[in-house]
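Shown next, in structure tokens, is the structure this report addresses.
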Amino acid sequence: RSLEDAGAVHLRKTFVGNRPRTTIFMSRHGRERFMHYLEALEAVLKQAAERIEALEKDTAERTAPEGGELARS
């Protein structure tokens with residue numbers, strides 16, 4: 001109900017035979033808000049991936065033997 005109150009969705013309630021059917025449509029406002037959410041989520045995930053990559057690189061550099069190369073088997 002809160003999404004409807006916020007104007008993010010529109011509800012259509014109908015009956016198919018004797019059974020109720022509720023169809024939910026995302027409004028333009030809802031789509032815009034959802035896209036902003038996805039953009040923010042993408043930025044957070046990108047930052048997390050960059051941080052993980054930096055930590056992995058740092059760990060690899062600290063655990064590498066003298067000369068900077070890992071031993072090969």
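The values are calculated or read from the model by the stated rules, or taken from the named source; none is laboratory data. Just so it is clear, the model here is predicted, and its values are computed rather than measured. Glycine also receives a Cβ, built like all others from the backbone with ideal geometry; neighbour counts cover every protein chain displayed.
Determine the pairs where a residue that is surrounded by 10 or more Cβ atoms within 10 Å (Cβ to Cβ), located within region 21-44, has a partner that is assigned to a helix (DSSP H, G or I) with Cβ atoms under 8 Å apart, the partner being 6 or more residues away or on another chain.
Between residues of region 21-44 that are surrounded by 10 or more Cβ atoms within 10 Å (Cβ to Cβ) and residues that are assigned to a helix (DSSP H, G or I), the close pairs are Met26/Phe34; Gly30/Leu3.
In region 8-56, which residues are more than 12 Å from the chain's Cα centre (by Cα) and basic (Lys, Arg)?
Arg12, Lys13, Arg19, Arg21, Arg28, Arg31, Arg33, Arg51
Hey, can you tell me all the residues within region 21-65 that are among the aromatic types (Phe, Trp, Tyr) and either touching an Asp or Glu at 6+ places or on another chain (Cβ under 9 Å) or over 19 Å from Arg1 (Cβ atoms) (or both)?
Matches in region 21-65: Tyr37 only.
Scan region 8-29 for residues that are in contact with a strand residue (DSSP E or B) (Cβ under 9 Å, 6 or more places away or on another chain), part of a strand (DSSP E or B) and not aliphatic (A, V, I, L, M) and report the count.
10
Could you please find all residues in region 14-59 being among the basic types (Lys, Arg) and modelled with pLDDT under 95?
Scanning region 14-59 gives a single hit, Lys57.
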